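Participant: Okay, here's the structure, questions in a sec.
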Amino acid sequence: MTQTAERTRTLPLAQTHLKQGHWSGPAEICLLDYDGRFLRRKRLETLEGRPFVVDLPQTTSLEDGDALVLEDGTHILVRAAEESLLRVTGPELARLAWHIGNRHTPCQIAQDHLLIQNDPVIGHMLEHVGASLTEVTAPFTPEGGAYGHGRTHSHEHGKTAHDH
């Protein structure tokens, strides 16, 4: 066994994921950006400096407020880390949102603006169709999918709207 594998094997293991609102109590905090919150197996560290390994049964989209549970019962609160974003505004916000969605770009929707990851190509396209852009740094929690998933890499959604 390699030295890295040996160190990883001895770290606390998190194999349970709890959705926000389905758990309570004290927790250590782990900050993850949007891309970092999409994982199956990964070594992470809490703000308190505790390293641990996530080993979930399948690739999972963790949301701000979710928790991972270590073998000893310790809860790790997942928080969305600040990252470089573009604040999108314009007179036809719904049309701009359509252009973003048409490119399968994750988007956080507010009443008077949209937030997307800072992508110069998408930004240029949006300016071309009338958007005003402002670079901001903030936590990114884009809208989830219609089937209750934060994101997927295929069209196999599991539950459907008919399951409700």
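Participant: Any residue in region 56-68 that is farther than 28 Å from Leu115 by Cβ, assigned to a strand (DSSP E or B) and open to solvent by less than 60 Å² (accessible area, probe 1.4 Å)? Spell out how you get there, then give the answer.
Facilitator: Initially, region 56-68 is screened for residues farther than 28 Å from Leu115 by Cβ, giving 57.
Okay, now just the ones that are also assigned to a strand (DSSP E or B), so 57.
So of that shortlist, the ones also open to solvent by less than 60 Å² (accessible area, probe 1.4 Å) come out as none.
Checking region 56-68: not a single residue is farther than 28 Å from Leu115 by Cβ, assigned to a strand (DSSP E or B) and open to solvent by less than 60 Å² (accessible area, probe 1.4 Å).
Participant: For region 29-41, check the following and say yes or no: at least one residue is in contact with a Leu (Cβ under 9 Å, 6 or more places away or on another chain), surrounded by 16 or more Cβ atoms within 10 Å (Cβ to Cβ), among the basic types (Lys, Arg) and part of a strand (DSSP E or B).
Facilitator: Within region 29-41 (the criterion being in contact with a Leu (Cβ under 9 Å, 6 or more places away or on another chain), surrounded by 16 or more Cβ atoms within 10 Å (Cβ to Cβ), among the basic types (Lys, Arg) and part of a strand (DSSP E or B)), the answer is no, since none of the residues qualifies.
Participant: So Leu96 ticks every box in (1) in contact with a Phe, Trp or Tyr (Cβ under 9 Å, 6 or more places away or on another chain); (2) closer than 30 Å to Ser132 by Cβ; (3) not charged (D, E, K, R) but one. Which box is left unticked?
Facilitator: Failed condition: (1).
Participant: Shifting gears a bit: For the structure I just gave you, tell me whether Gly101 is closer than 19 Å to Glu143 by Cα, surrounded by fewer than 18 Cβ atoms within 10 Å (Cβ to Cβ) and free of Cβ contacts under 8 Å to residues at least 40 places away in the same chain.
Facilitator: Against the criterion (closer than 19 Å to Glu143 by Cα, surrounded by fewer than 18 Cβ atoms within 10 Å (Cβ to Cβ) and free of Cβ contacts under 8 Å to residues at least 40 places away in the same chain), Gly101 qualifies.
Participant: Right, something else. Only one of (1) outside any loop (DSSP other than H, G, I, E, B); (2) at pLDDT 95 or above; (3) over 22 Å from Thr141 (Cβ atoms) fails for Leu85. Which number is that?
Facilitator: (3)
Participant: When region 73-98 is examined, which residues are found to be more than 30 Å from Arg43 (Cα to Cα), within 19 Å of the chain's Cα centre (by Cα) and open to solvent by less than 30 Å² (accessible area, probe 1.4 Å)?
Facilitator: Answer for region 73-98, where residues must be more than 30 Å from Arg43 (Cα to Cα), within 19 Å of the chain's Cα centre (by Cα) and open to solvent by less than 30 Å² (accessible area, probe 1.4 Å): there is none.
Participant: While we're here: Condition test on Leu47, is it open to solvent by 90 Å² or more (accessible area, probe 1.4 Å), at pLDDT 95 or above and touching an Asp or Glu at 6+ places or on another chain (Cβ under 8 Å)?
Facilitator: On the way: open to solvent by 90 Å² or more (accessible area, probe 1.4 Å): yes; at pLDDT 95 or above: yes; touching an Asp or Glu at 6+ places or on another chain (Cβ under 8 Å): yes.
In short, yes.
Participant: If you don't mind, another one. Could you tell me which residue of region 104-119 is nearest to Ala138 (Cα to Cα), considering only residues that are open to solvent by less than 60 Å² (accessible area, probe 1.4 Å) and without any contact (Cβ under 8 Å) to a residue 24 or more places away in the chain?
Facilitator: Result: Ala110.
Participant: Among the residues of region 120-145, count how many are under 14 Å from Asp33 (Cα atoms) and either free of Cβ contacts under 8 Å to residues at least 12 places away in the same chain or in contact with a Pro (Cβ under 9 Å, 6 or more places away or on another chain) (or both).
Facilitator: In the first step, residues of region 120-145 are kept if they are under 14 Å from Asp33 (Cα atoms); the result is 137-142.
When the remaining residues are screened for being either free of Cβ contacts under 8 Å to residues at least 12 places away in the same chain or in contact with a Pro (Cβ under 9 Å, 6 or more places away or on another chain) (or both), the result is 140, 142.
Residues that pass the stated criteria total 2.
The values are calculated or read from the model by the stated rules, or taken from the named source; none is laboratory data. Values in this document were obtained by computation on a predicted structure and should not be read as measured data. Counting neighbours? That spans all protein chains shown, and the Cβs are built from the backbone with ideal geometry, glycine included. The accessibility values were calculated without ligands, DNA or RNA, using every heavy atom of the protein model including side chains. Shrake-Rupley method; radii C 1.70, N 1.55, O 1.52, S 1.80 Å.
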